[in-house]
Amino acid sequence: MDFVSTSLITLNQPSGFWESILNAFRGANGTYILAVILLAIIVRVVFSLFDIVNKKVNLKTTDINTKMKPELEAIQKKYGGDQRLLQQKTNEIYKKYQFSMMGSCLPMLVMMILQMVVFFTLWSSLQSVANFNIVSQYESMKETYANVIVLNENDAFINRLNEFQDVNTAKLSVEVETNSDGKKFLVYKFEGDNEVTKVEFREFKTNNEIYDVLNKFVIKPAATQPEEPNPDENSEEAESSDEAVTQPETIYIDTNYNDYIKGLAQNTVKNYYFDTQEGFLWIKNVYKADSPTTSPLFTKDEIKGYLKSFYSEDEKNTEEKNDFEGKIFDYVMKGFETEEMGVNGYYILTILAVVFSFLSLFLSNKLMQSKDAPQQKQSRMMYFIMPIIFGIFTFMYTSLFAIYLIVGQLVVMATTPLTTLIVKKWISSDKKKQKETDVVEVDYRRK
């Protein structure tokens with residue numbers, strides 16, 4: 001899906017490097033969750049190949065440092081008072097053991113830079129994907145709500161309701177259906193009827209058009225319904241501003257079924273939300289953080305914030321003056337109760353990300369551990385730095401990124417024993433070849 005046609009704007013699907021890969025994976029398996037898991041496995045396997053080279057360089061450097069240590073300590077004691085001579089002797093030792101400071105640090109530096117680039121670009125991409133899917137779902141809900149409301153203008157539907165002495169006995173099943181061409185239909189069936197009726201979605205090009213529908217069939221004059229939110233009220237600043245757009249007058253038309261259809265619209269939107277919501281295990285909404293302080297349902301401020309990036313300048317001015325988005329939101333989301341929605345998670349992903357990050361680092365260092373290795377003291381700092389970073393990002397942002405981090409760490413723990421074995425075999429093979437070369441050279445000189 002390249003874009004989502006909405007009631008106000010066209011939401012262009014994120015199309016960056018990672019977003020394109022995720023969208024391709026999602027197209028193959030149907031969900032972003034599986035797409036993220038697959039991407040995490042591929043990224044970590046690729047990094048494991050780089051890690052083999054990095055580990056080999058580190059082990060080789062450690063071995064050289066161990067051999068050089070006694071000689072470096074000796075010249076330090078002998079020439080410590082003459083820095084120029086000390087540096088000269090140190091360079092001679094480096095040359096003797098073919099040691100290069102740049103060569104030993106470069107692979108590690110390249111690996112670190114690559115990992116940080118992937119980390120932050122993927123985090124940004126997954127947050128962008130999450131925001132897009134949240135606002136895309138809301139726009140579809142808004143479109144659904146408006147299309148149910150305009151059933152007030154559907155003569156066949158109204159005539160069917162007229163057959164009931166009490167409209168509350170009219171039991172309906174209403175669903176949203178999308179055909180292969182991308183066209184949407186409102187499908188409804190009265191209990192007892194044999195036929196299912198399809199009504200093609202009306203296309204609303206602007207929020208103004210949706211607001212006009214609400215103004216016509218939903219928004220009762222404040223005098224007769226004071227408890228309803230009053231989207232006609234403007235701020236004092238807007239009323240006094242010469243640039244403010246005059247709000248349309250309330251033209252409420254009572255078809256005798258306004259309240260019934262409004263309730264039907266709220267229930268249809270609610271059912272659509274739960275049918276299209278993407279959860280994972282205990283998490284109700286994977287596009288939000290796994291947190292007991294976070295609701296799986298988006299808020300008005302979140303929706304308005306996300307949509308701003310898609311607005312043209314004219315659309316931004318219209319929304320600033322009229323706040324159609326906020327007023328429509330109040331009606332579309334009126335059927336949702338915060339208590340009913342519950343919480344989105346329990347910090348489980350955050351805990352798992354921290355634990356697995358620590359374990360993967362510990363396992364890697366344990367398997368690569370070598371006595372008298374000065375690098376080990378520095379690496380212990382990473383036991384705390386990386387888990388803390390992972391914890392912060394999984395605590396604050398989309399659960400998709402937390403899933404990516406956790407799966408990635410599991411892959412690291414699974415591949416570390418193999419990569420370590422490969423590195424040690426590689427170094428052992430190099431040492432064997434070096435010994436054979438040394439023997440040949442010695443024998444040649446003796447002849």
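Compute, for segment 77-216, the length of the dipole vector about the Cα centre, with Cβ point charges of +1 (Lys, Arg) and -1 (Asp, Glu) only. Units Debye, rounded to 20.
For segment 77-216, the charge dipole is close to 2020 debye.
Rounded to the nearest 0.05, what FRET efficiency do residue 159 and residue 31 give with R0 = 60 Å and r taken as the Cβ-Cβ distance? Could you check? Before the final figure, lay out the partial values.
Values: r = 42 Å, r/R0 = 0.70.
Taking R0 as 60 Å, the efficiency between residue 159 and residue 31 is 0.90.
Work out, in µm²/s and without decimals, the Stokes-Einstein translational diffusion coefficient of segment 1-137 at 10 °C, 1.306 mPa s, Rh from Kirkwood over C-alpha pairs.
Rounded to a whole number, D works out at 82 µm²/s.
To the nearest 20 debye, what is the magnitude of the charge dipole of segment 293-349 about its Cα centre, counting +1 on the Cβ of each Lys and Arg and -1 on the Cβ of each Asp and Glu?
Charge dipole, segment 293-349, about its Cα centre: 60 debye, nearest 20.
Hey, with R₀ at 56 Å, roughly what FRET efficiency would residue 206 and residue 86 work out to, going by the Cβ-Cβ distance, to 0.05?
Numbers: r = 77 Å, r/R0 = 1.38.
About 0.15, to the nearest 0.05.
For a Förster distance of 25 Å, can you work out the FRET efficiency between the beta-carbons of residue 433 and residue 95, rounded to the nearest 0.05?
Working: r = 21 Å, r/R0 = 0.85.
With a Förster radius of 25 Å, E is 0.75.
Under 28 Å from the Cα of residue 433, which lysines turn up, not counting those fewer than eight places away in the same chain?
Within the straight-line cut-off, residue 433 pairs with 55, 56, 60, 67, 69, 95, 96, 366, 371, 424, 425, 447.
Report the Cα-based extents of segment 293-366 along its three principal axes, largest first, to the nearest Å.
Projected onto its principal axes, the Cα set of segment 293-366 covers 62, 34, 12 Å.
Read-outs: derived from the displayed coordinates by stated rules, not from any lab. Given the structure is predicted, the values throughout are model-derived calculations rather than measurements. Quick reminder, even Gly has a Cβ in these numbers, built from the backbone with ideal geometry, and neighbours come from all protein chains shown.
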